[in-house]
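The values are calculated or read from the model by the stated rules, or taken from the named source; none is laboratory data. All values derive from a computational prediction rather than experimental measurement. Every residue, glycine among them, receives a Cβ derived from its backbone with ideal geometry; neighbour counts consider all protein chains shown.
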Amino acid sequence: PHVLFVACIYHDLSTIEKYDNNPKRFEIVAADEAVALLLRHGESEAVAREAWLAMSLHTTPGIPENLGGAVQALRLGIKTEFRGYNLEERVLSGEQWRIVREDLPRLDIEKDLSDAVVRQALATEEKAPRMSWAGELLKWKKANPDYQGANQAF
């Protein structure tokens, strides 16, 4: 369970400005940071590798869903967060899901996260290769530079 906790907490860590000029994709930078943390606290290479895979693949549709363990769990959690997976029908009752939505407001996560990913990609384009999630966000922003809302490629 702790490997999933670390993956959940760290998976978007590297979208902060500190990592803007790191040429690696944000998923990889965050995964590397999580591995360092886990190893520093005595976790095995296997546990660290599972966290790395979960985090590095979390924006890649179709692959993590088929790998199981923390890799699959992180991806399904993120899909649930952004409404791509209907958790309500699988785990939570309608009332439980309503409580989650009311107690944990979304704020502007789609805008804030997409703005951070695009900010990094504009500074270091290799962070956003074509056909990646970051690449799609960057492509949309370049086509719509004056748009102020959440990136529509999110």
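Hey, can you tell me all the residues within region 1-21 that are of a type in the set (S, T, N, Q) and either assigned to a helix (DSSP H, G or I) or modelled with pLDDT of 95 or more (or both)? Passing the criteria: S14, T15. Of the residues making up region 96-148, those that are assigned to a helix (DSSP H, G or I), among the hydrophobic types (A, V, I, L, M, F, W, C) and either over 23 Å from P61 (Cβ atoms) or without any contact (Cβ under 8 Å) to a residue 40 or more places away in the chain (or both) are W97, I99, V100, I109, V118, A121, L122, A123, L137, L138, W140, A143.
Restricting region 135-154 to residues that are over 18 Å from the mean Cα position of the chain (by Cα) and of a type in the set (F, W, Y) leaves a set whose member that is nearest to R25 (Cα to Cα) is W140.
If you scan region 4-27, which residues turn out to be surrounded by fewer than 21 Cβ atoms within 10 Å (Cβ to Cβ) and charged (D, E, K, R)? Hits for region 4-27 are D12, E17, K18, D20, K24. Inspection of region 37-46 identifies no residue that is crowded, with 17+ Cβ neighbours inside 10 Å, within 11 Å of the chain's Cα centre (by Cα) and assigned to a helix (DSSP H, G or I).
Of the residues in region 50-85, how many are of a type in the set (K, R) and surrounded by 15 or more Cβ atoms within 10 Å (Cβ to Cβ)?
Here is the first cut: in region 50-85, the ones of a type in the set (K, R) are 75, 79, 83.
Right, trim to surrounded by 15 or more Cβ atoms within 10 Å (Cβ to Cβ) and you get 75, 79.
The number of residues fulfilling the criteria is 2.
Could you please give the count of residues in region 22-36 that are in a helix (DSSP H, G or I) and not hydrophobic (A, V, I, L, M, F, W, C)? Please lay out each step first, then the result.
Of all residues in region 22-36, those in a helix (DSSP H, G or I) come to 26-36.
Within this subset, residues satisfying the condition of being not hydrophobic (A, V, I, L, M, F, W, C) are 27, 32-33.
Residues in region 22-36 being in a helix (DSSP H, G or I) and not hydrophobic (A, V, I, L, M, F, W, C): 3 in total.
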